[in-house]
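Data first, discussion second: the structure below is written as structure tokens.
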Amino acid sequence: ALPGGIVEVPYAFTLRANGTPPIAWSALSALPSGLTLSESGQVGGTPATEFDGTVAIRAANAGGIRFRVLSLVVQARPSVTTTSVPTAELGFAFSTRLESRGTAPLVWSIAAGRLPSGLSLSSPGELSGVPAESLTTYVVVRAANAAGSSERALSVSVNPAPAGLTFLGANDRGYGEF
């Protein structure tokens, strides 16, 4: 396997083989966009896209030719794309999914601040719960993967329950009682 890379981060690795120099290297299958293999065995460049696959490599000298298939993973750093969160209502179930670019799996967390009581952020990025307090607060959310992390400040608002309206449940005929 080749060492892993990160999208938009310079990459360099030198292939090695036993044998009498000079050894001429070539790629028999496509490398990820932005990477090249020099005849001297240097894999280098700046990966432009994610990649999770294999690359067929050939090494040749006066004594013969050898082939090898090497795995390579190039991951993209997260970039939180959620810019706002819908307003929640006090006492009513709430759920929204935070979004980010980047190679999965992403792990979400609160980097700073606190959510209103009753709401929580799950590791997969689901902000949910039944809000127990009415307020507007600011939190910094973080999305992370093996390539890095990204943070974004978000406003989270919980409106008070509508005045004079309380849902009590359903009666024996299935109708809501207010």
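The values are calculated or read from the model by the stated rules, or taken from the named source; none is laboratory data. Bear in mind that the values here come from a model prediction, so they are computed numbers and not experimental data. Side chains are part of the model used for accessible areas, which takes the heavy atoms of the whole protein and leaves out ligands, DNA and RNA. Shrake-Rupley method; radii C 1.70, N 1.55, O 1.52, S 1.80 Å.
See the values below:
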{"read-out": "Projected area, mean over directions - region 10-110, Cα convex hull, nm²", "value": "9.0"}
{"read-out": "Area of Thr20 that stays accessible when all protein chains are in place (1.4 Å probe, Å², to 10)", "value": "100"}
{"read-out": "Under the Karplus curve 6.51 cos²θ - 1.76 cosθ + 1.60, θ = phi - 60°, whole-Hz ³J(HN,Hα) for region 37-46, x wherever Gly or Pro sits", "value": "10, 7, 5, 8, x, 8, 8, x, x, 10"}
{"read-out": "Under 5 Å, built H, 5+ apart or other chain: amide partners of Val85", "value": "Ser155"}
{"read-out": "Ratio of Rg to Rh over the chain (Cα coordinates, Kirkwood Rh, two decimals)", "value": "1.30"}
{"read-out": "In order through region 8-24: 3J(HN,Hα) via Karplus (6.51 cos²θ - 1.76 cosθ + 1.60), integer Hz, x for Gly, Pro", "value": "6, 10, x, 10, 8, 8, 9, 6, 9, 8, 7, x, 6, x, x, 10, 9"}
{"read-out": "Exposure of Phe13 as accessible area (Å², to 10), given a probe of 1.4 Å and all protein chains", "value": "70"}
{"read-out": "For region 66-80, Karplus couplings with θ = phi - 60° (6.51, -1.76, 1.60), whole Hz, Gly/Pro x", "value": "10, 10, 8, 10, 10, 7, 8, 10, 10, 9, 9, 5, x, 8, 4"}
{"read-out": "Whole-Å distance, taken between Cα centres, linking region 1-71 and region 75-97", "value": "41"}
